[in-house]
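Where a number appears in this text, it was derived from the coordinates with a stated rule and is not lab data. The structure presented is a predicted model; accordingly, all values stated were derived computationally and were not measured. Note that we place each Cβ from the backbone using ideal geometry, even for glycine, and neighbour counts take in every protein chain shown.
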Amino acid sequence: MSRTGSAQKFSQAGGFIVRTEKKPEGAEKAGKDGRSSAPGKGPGGVQGAERTALIRKGNELYNNGNFSLAERIFITTGYSDGLIRMGDYHYKKNEYIEALDMYLKASDKAKSGQIIERMVFVIREWLSGGDA
């Protein structure tokens, strides 16, 4: 027995009703760490071929040293690999707040967690009167 809702399909299996619809075409696939760099829709509403072209342009700008424009493109498209590279760039320049922002936008929990732990350590040292 199956029934169809407005946008979802259900079927009955073993006394349970289960959703059987497929993911929409072009749905992003997340890697094992939860990040996605597959072509899809970025936070700025850019999608498909336009998003892919922007990402390529962002990579070109990054490789040519135009980091501020590359960063804007990576943020607009939500391109996690580019955001992580921008985070690494800021981190190497001791710009930890900017690096943290990029890692959080990329959903990179490992790298953002490291910066947060470091910040917590510094704050604890300040509160205890020590020099961090």
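Across the options 68, 49, 80, the greatest Cα extent toward the positive end of the charge dipole of the range 41-132 (unit charges at beta carbon of Lys, Arg, Asp, Glu) belongs to 49. Note on residue 97 and residue 124: the model spin-label points, each 7 Å out from Cα along the C-beta direction, lie 2.3 nm apart.
The value of relative contact order for the range 41-132, using C-alpha pairs under 8 Å at least six residues apart, is 20 percent.
Over the range 74-132, the pair-distance histogram of Cα-Cα distances with 5 Å bins from zero comes to 4, 22, 25, 19, 13, 9, 5, 3, 1 percent, rounded to whole numbers.
In the range 41-132, how many lysine pairs have Cα atoms under 19 Å apart, counting only pairs 8 or more places apart or on different chains?
Details: 41/57; 41/105; 92/105; 92/109; 92/111; 93/105; 93/111.
Counting lysine pairs in the range 41-132 gives 7.
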